[in-house]
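Encoded as structure tokens, the structure appears first; notes follow it.
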2 protein chains.
Amino acid sequence: MHEERYQQRQQHLKQQVEERVAAATKSGGIIMVFTGNGKGKSTAAFGTATRAVGHDMRVGALQFIKGDWECGERNLLERNGVEFHIMATGFTWDTQDKAADTQAARLVWEQGVRMLSDPGYHLVVLDELTYMLTYGYLSLDEVLAALKNRPAHQSVVITGRACHREIIALADTVSELRPVKHAFDHGIKAQKGIDW
Amino acid sequence: MHEERYQQRQQHLKQQVEERVAAATKSGGIIMVFTGNGKGKSTAAFGTATRAVGHDMRVGALQFIKGDWECGERNLLERNGVEFHIMATGFTWDTQDKAADTQAARLVWEQGVRMLSDPGYHLVVLDELTYMLTYGYLSLDEVLAALKNRPAHQSVVITGRACHREIIALADTVSELRPVKHAFDHGIKAQKGIDW
């Protein structure tokens, strides 16, 4: 590309970016949702936690679905002050007992309710929350109420497939992760340091 | 849902999952790509780094595009041993000098070439690499060669919009982040602990 055209294009980009930045004046806690069937939803949620912890912000995290096996992101983030509460039943398809699953979900969610009403938390991660609503372990109304009534500066990250449309409507930032391809579908097993 | 139907559904899920897990027998380093216009690409890349560091794996990270301003994920990950190399020119639309931008990209990429040939690194993060190819700062052939010739157990995460189709073809796991909505588009500015 000729230098002149390069400069024109970059100048145009610069103006666009500057206009958009100038228009964005509000701040405060936001709700982020990572949904869809692609790889990277929880990874992005804990990447956000990493970012917040790197600024010495207090972070709480609930992990629904996932069991209590070792997990790299939890190892590092717990060592750095993030408070985790885990639905330690493991994958629900391993338990097959709705009453027990519901109770396990509710126990974890109680910690979420506490965090979502405590201004001391800057970020609350609700990992795999969407399934709790899909399976009916938690009620949509109580989740929406807790999200709406949280402290104004507190941000929340929600992950999981098939996020309920009312949570999408309430959220500020929503990314749908579309699986273009996944190593698992080509016979590569889940691996330490990549998948957990 | 009746308990019996619940158990049937969960049993079916359990079988499906177990069959897929049994079919996935390969392991080794993989290439992951987070692309698309949605929020969360770099966040997922550094979430992967957090996961690997939590298992005491050695991680190297290149940050193209991004400047050298403070960044939460870098703060925490650097404190925990991740090696960062940053293209400290900032956004290219701020510099408007192609020769200087190309040179800055090449300096960072040289560190990548070194990491991608060093079996000591379990994970190499190439954050915002796609733009370096789009803008012609790096050649596709040299990037593909470095990726293909890396140590067999080494994984790589690549982020950025509009990832080149040949990198997609080479990758094992690719998620496209589709922006359902973004706080920035509704006047909420980029915020510490969320966006950087």
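Considering only B:GLY160, B:GLY112, B:GLY136, the mean-square fluctuation computed in a Gaussian network model of chain B, springs between alpha carbons under 10 angstrom, is largest for B:GLY136.
Taken one residue at a time, the phi angles of segment B:31-46 give Karplus couplings (6.51, -1.76, 1.60, θ = phi - 60°) of 9, 10, 10, 10, 10, x, 9, x, 6, x, 5, 5, 4, 5, 5, 7 Hz. Gly and Pro are set to x.
Using a simple spin-label model with pseudo-atoms 7 Å out from Cα toward Cβ, A:ASP97 and A:ALA152 lie 4.6 nm apart. The modelled label-to-label distance for the pair B:ARG178/A:GLN8, using points 7 Å beyond Cα in the direction of Cβ, is 3.5 nm.
Applying a threshold of 25 Å to the alpha-carbon distances of B:LYS98/B:LYS192; A:LYS148/A:LYS181; A:LYS41/B:LYS26; B:LYS98/B:LYS189; A:LYS39/B:LYS189; B:LYS39/B:LYS148 flags B:LYS98/B:LYS192; A:LYS148/A:LYS181; B:LYS98/B:LYS189; A:LYS39/B:LYS189; B:LYS39/B:LYS148 as lying beyond it.
Each Cα pair under 8 Å and six or more residues apart adds its separation to the average, and for segment A:56-196 the resulting relative contact order is 26 percent. Between amide H atoms placed 1.01 Å from N, distances below 5 Å from A:VAL180 occur with B:VAL174, B:SER175, B:GLU176, all of them 5 or more places distant or on a separate chain.
Counting every pair of alpha carbons in segment B:28-179, the share spaced more than 23 Å apart comes to 30 percent.
In the elastic network of chain A, a GNM with C-alpha springs shorter than 10 Å, the most mobile of A:LYS26, A:LYS98, A:LYS14 is A:LYS14. Annotation for segment A:1-78: chymotrypsin sites (Phe, Trp or Tyr not before Pro) lying in DSSP loop with at most 10 further Cβ atoms inside 10 Å of their Cβ are A:TRP69.
Remark: B:HIS55, A:HIS153 ranked as A:HIS153, B:HIS55, counting other beta-carbon atoms within 10 Å and listing the fewest first. With the convex hull constructed from alpha-carbon coordinates only, the protein assembly as shown shows a mean projected area of 18.1 nm² over all directions. Applying 1/(1 + (r/R0)^6) with r as the Cβ-Cβ distance of B:VAL21 and A:ASN37 and R0 = 22 angstrom yields a FRET efficiency of 0.80. Ascending distances from the B:ASP141 label point to its copies in the other chains, with the point 7 Å along the Cα-to-beta-carbon line: 6.6 nm.
Readers should treat all values here as calculations from the given coordinates under stated rules, not as data from a laboratory. It should be emphasised that the depicted structure is a prediction, and the values quoted were computed from it without experimental measurement. Every residue, glycine among them, receives a Cβ derived from its backbone with ideal geometry; neighbour counts consider all protein chains shown.
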